[in-house]
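Novice: Got a structure for you, questions after.
Every read-out reported here was derived from the displayed coordinates using simple, explicitly stated rules and does not represent laboratory data. Here the structure is a predicted model, which is why all the values come from computation and not from measurement. When we count neighbours, we look across all protein chains shown, and the Cβ atoms used for this are built from the backbone with ideal geometry, even at glycine.
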Amino acid sequence: MEQREQWGSKAGFIIAAISSAVGLGNIWRYPYVVYENGGGAFLIPYFIALLTAAIPILIMEYALGHRSRGSVPRTFQGLSRRFEWIGWWQIFICVVIISYYMAIIGWALSYTYYSIGTQWGNDPESFFFKNFLGMSDSFWNFGGIQWKVLLPVLLAWAALYFVLIKGVKKGIEKSAKILMPILVVFMIIITIRGVTLPGSVEGLNVLLTPKFSALADPKVWIAAYGQVFFSLSIGFGIMMTYSSYLPKKSDLSNSAFIAGLANSGFEFLAALGVFGALGFLAVQQGVGVENVAKAGVGLAFVVFPNIINEFPGLNSLFGVCFFGALLFAGFTSAVSILEPCISAVREKFNLTRKAAVNWVCGITFVLSLLYTTRGGLRYLDTIDRFINSYGIVLAGLAEVIVLAWVLRQLDQIRDHVNGVSIIRIGRWWNFVLAVVTPIILIIMTAFNLVDE
Ligand code: VAL
């Protein structure tokens, strides 16, 4: 067995953790979720969710990984043999997510290229669905692989494989250090350009004007908790795996606060840019912002090309920045979604890193081919919704209940954090994790189920 790998430095770990958190969820998911859930008023449940669940769970996951210095299944097995399955469940979630995540990264890569000279033409909607995805019309009609979609996905897989095979320090940490600064520059350009476009105020008004009545709607709260879990990469083993590569003396609570706040900062910047641009498009077309906004994938791959077409100049540049940001943010997150699987397989079967990377990438690559078929977008939509509403939240819930109520480990975990961190965690943390978080997550899941 090879020696356990380690991050090159504390800053390297924090950059890698932020690069995992900042992903597709920040750039197209967050702006849309805010819009759907009361605009400015959403910020209140969002921050409450961040403080009452996301950051406390993040601290717990950092501590678990750091203490066990093992993969996610090994971490749970170390707590009690009975709970190794929670670790494998989280690995399963990573496998499901990565297979469609790579398809979106492939699309972002294509669209970065199509931005040059706005190759999607005057009708981006039919370009996306017909020319590019070649969508088949029925759910059960796979319709074969669409080569235009497969090619960029293959390229993205090759790059991902290259990074993962190099390992934690020379692969993951190094790629995050190169890509994150580029991402920051792209994001700043998108934000500044988005908020200075004519008509942007219309969009910003929608984003920032609170609709306080929305606060009484449980669905708004559910959306806020769902968003922080996905966005902060918690509940599916990523942060636990990343912290397992930390040296013994590492400040855990400080890192959790930095990663949590940086991720939210990125989300907010992206939302400002996206809504500014939506306001611009609405004014150009003489309609309300609600008429141009679209959910999920459509927002990035249909609405944005429309916006870019209408641009008063330098449209190719804005397109490259937007889709390039999506590509880089997605890529560094994809790396982090596969690492828990690699680490788990490696330990379970006593493999070298190379062998584990080959197995994990091989299997998830084959699964990702499903989303390059002509029916791909439909499968993606269904699976994404299911895994987010149930998979991640239930995994987080299981983790919290087992640690707080079954194994009664919270005091030991808090002692572990306080033993290495400058910011000491008080007893509030136990209360939040043992009482507040489970109650909210149970209510969330119940509402989701009733909604189905
Ligand atoms: N947190 C990332 C995102 O927001 C991934 C890892 C799910 O997209």
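Novice: As an exercise, identify the chymotrypsin sites (Phe, Trp or Tyr not before Pro) in region 288-354 lying in DSSP coil whose Cβ has no more than 12 other Cβ atoms within 10 Å.
Specialist: Hits after loop and neighbour filter: 349.
Novice: Counting only C-alpha contacts under 8 Å and six or more residues apart, can you give the relative contact order of region 121-200 as a whole percent?
Specialist: 12 percent
Novice: Does region 34-175 come out rounded, prolate or oblate by the C-alpha gyration tensor, with a ≥ b ≥ c the root eigenvalues, rounded set by a/c under 1.5 and, if not, prolate when a/b is larger than b/c and oblate if not?
Specialist: Prolate shape, in that a/c is at least 1.5 and a/b is the bigger ratio.
Novice: Sticking with this one: Hey, what did the chain get for relative contact order, percent, Cα under 8 Å, at least 6 apart?
Specialist: Rounded, it is 35 percent for the chain.
Novice: Check region 120-247 and count each lysine pair with an alpha-carbon distance under 28 angstrom, considering only pairs eight or more places apart or from different chains.
Specialist: Going through region 120-247 pair by pair, I get 5.
Novice: Using only Cα atoms, tell me the angle between helix 218-231 and the longest principal axis of the chain; keep it within 0 to 90° and round to the nearest 10.
Specialist: 70 degrees
Novice: Which whole-number percent gives the relative contact order of region 1-138, counting Cα pairs below 8 Å spaced six or more residues apart?
Specialist: Once normalised by length, the contact order is 7 percent.
Novice: Pull out a ≥ b ≥ c, the square roots of the eigenvalues of the alpha-carbon gyration tensor of region 330-452, then state rounded if a/c is under 1.5, prolate if not and a/b is larger than b/c, and oblate in the remaining case.
Specialist: oblate
Novice: Semi-axes of region 227-329's equivalent ellipsoid from the Cα gyration tensor, sqrt of 5 times each eigenvalue, largest first, rounded to whole Å?
Specialist: 36, 14, 12
Novice: Then there is this: Restricting things to Cα coordinates, could you compute the convex hull volume per residue of the chain in Å³?
Specialist: For the chain, the hull spanned by Cα atoms encloses 135 Å³ per residue.
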